[in-house]
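Visitor: One structure follows; several queries about it will come next.
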């Protein structure tokens with residue numbers, strides 16, 4: 001995640017203090033994941049942070065910057081934490097490290113460094129490992145026995161004609177004890193995102209437009225839960241990394257439009273692409289692809305929106 005103008009308004013704050021607030025907002029979701037998956041989450045955090053900071057320091061050294069800035073502005077730390085939380089707990093350290101190196105090296109410094117990147121660096125790193133190791137990212141450890149198992153979205157997508165009620169049952173590990181770890185984690189990341197919106201540290205129109213679009217399409221494709229259903233609005237909102245992506249990835253101010261109407265269009269694009277890939281695509285989830293494609297359209301979306309008179313907040 002990069003630091004942009006939205007992070008420097010109402011009230012003024014240093015990049016480091018803002019990044020500290022973002023990290024604070026991630027704590028509830030991180031704790032839920034740690035409670036469910038234990039040391040696998042810690043392993044991801046250690047590897048992702050080490051690789052992100054090392055790549056940042058090396059890039060700054062090669063470009064004549066100060067390597068210690070990797071710690072001072074905090075952006076590499078946030079990128080590493082976001083990747084660690086988005087990737088399956090206990091994922092092979094080499095894959096986690098590759099995600100961080102790609103995020104900082106290709107997603108950020110290949111475009112000139114902090115604030116110059118057109119694509120969200122964390123999403124760039126995630127997509128690179130997703131297309132390179134799709135099987136590894138399709139399985140998360142069980143919250144009960146730590147053995148690898150298909151994610152809820154993978155199970156639902158390839159349910160072989162079962163109805164929603166048949167696949168989404170406690171006998172299959174879903175809905176037991178009041179909800180899956182993914183559902184609780186999504187709720188926790190939603191709370192963290194609302195906290196950042198309350199602090200005016202993100203453009204709330206982006207996640208609201210994304211979630212509203214995803215919910216509307218989910219309602220249209222639900223058909224009361226038959227074997228042909230594409231999933232309910234609640235399923236789309238609280239499965240996978242929906243809330244983490246909506247409030248922490250899609251809201252990178254450098255890579256989304258500045259204009260208010262453009263931000264809404266940006267969120268709608270992510271929602272449409274996410275639902276389309278979840279329903280018809282070859283991957284169980286499509287949020288990362290939706291964010292990258294919307295990033296590419298960001299400058300175009302801002303052209304007719306009158307950004308000189310509109311603000312991000």
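Visitor: Just for the range 134-156: of the residues that are at pLDDT 65 or above and within 18 Å of the chain's Cα centre (by Cα), which one is surrounded by the fewest Cβ atoms within 10 Å (Cβ to Cβ)?
Guide: 134
Visitor: Just for helices (runs of 4 or more DSSP H) wholly inside the range 157-226: which have at least 1 residues that are under 19 Å from the mean Cα position of the chain (by Cα), under 20 Å from residue 30 (Cα atoms) and at pLDDT 90 or above?
Guide: Details: elements: 164-167, 181-198, 205-222.
Counting at least 1 such residues, we get 181-198, 205-222.
Visitor: Right, next: Going by what's in this entry, would residue 78 be described as assigned to a helix (DSSP H, G or I), without any contact (Cβ under 8 Å) to a residue 12 or more places away in the chain and either surrounded by fewer than 19 Cβ atoms within 10 Å (Cβ to Cβ) or in contact with a helix residue (DSSP H, G or I) (Cβ under 7 Å, 6 or more places away or on another chain) (or both)?
Guide: Numbers: assigned to a helix (DSSP H, G or I): yes; without any contact (Cβ under 8 Å) to a residue 12 or more places away in the chain: no; either surrounded by fewer than 19 Cβ atoms within 10 Å (Cβ to Cβ) or in contact with a helix residue (DSSP H, G or I) (Cβ under 7 Å, 6 or more places away or on another chain) (or both): yes.
Taking the combined requirement at face value, the residue does not satisfy it.
Visitor: Tally the residues that are at pLDDT below 85 and surrounded by 15 or more Cβ atoms within 10 Å (Cβ to Cβ), restricting the search to the range 282-311. Quick ask: steps written out before the conclusion?
Guide: Initial filter on the range 282-311 (at pLDDT below 85): 282-285, 303-311.
The next check asks that each one be surrounded by 15 or more Cβ atoms within 10 Å (Cβ to Cβ); those that pass are 283-285, 305, 307, 310.
Of the residues in that region, 6 qualify.
Visitor: Please go through the range 244-256 and give me each residue that is under 17 Å from residue 197 (Cβ atoms) and part of a loop (DSSP other than H, G, I, E, B), ordered by number. Outline the logic, then answer.
Guide: Step one: filter the range 244-256 for residues under 17 Å from residue 197 (Cβ atoms), giving 244-253, 256.
Once the filter is applied, which keeps residues that are under 17 Å from residue 197 (Cβ atoms) and part of a loop (DSSP other than H, G, I, E, B), the range 244-256 yields 250, 251, 252, 253, 256.
Visitor: Separate question: Condition check: surrounded by fewer than 15 Cβ atoms within 10 Å (Cβ to Cβ), modelled with pLDDT of 95 or more, over 17 Å from residue 242 (Cβ atoms) and out of contact with any strand residue (DSSP E or B) (no Cβ under 9 Å at 6 or more places or on another chain). Does residue 94 satisfy that?
Guide: Numbers: surrounded by fewer than 15 Cβ atoms within 10 Å (Cβ to Cβ): yes; modelled with pLDDT of 95 or more: yes; over 17 Å from residue 242 (Cβ atoms): yes; out of contact with any strand residue (DSSP E or B) (no Cβ under 9 Å at 6 or more places or on another chain): yes.
So residue 94 passes the test.
Visitor: Of all residues in the range 266-281, count the ones that are touching a helix residue (DSSP H, G or I) at 6+ places or on another chain (Cβ under 6 Å), in contact (Cβ under 8 Å) with a residue 24 or more places away in the chain and buried (at least 20 other Cβ atoms within 10 Å of the Cβ).
Guide: Within the range 266-281, residues that are touching a helix residue (DSSP H, G or I) at 6+ places or on another chain (Cβ under 6 Å), in contact (Cβ under 8 Å) with a residue 24 or more places away in the chain and buried (at least 20 other Cβ atoms within 10 Å of the Cβ) number 7.
Visitor: Shifting gears a bit: Sort out which residues of the range 99-114 are at negative phi and either in a loop (DSSP other than H, G, I, E, B) or over 18 Å from the mean Cα position of the chain (by Cα) (or both), and write them in order of number. Lay out the reasoning, then the answer.
Guide: Step one: of the range 99-114, the residues at negative phi are 99-111, 114.
Passing the criteria: 105, 106, 107, 108, 109, 110, 111, 114.
The values are calculated or read from the model by the stated rules, or taken from the named source; none is laboratory data. Keep in mind it's a predicted model, so treat the numbers as computed, not measured. We place every Cβ from the backbone using ideal geometry, glycine too, and count neighbours over all the protein chains shown.
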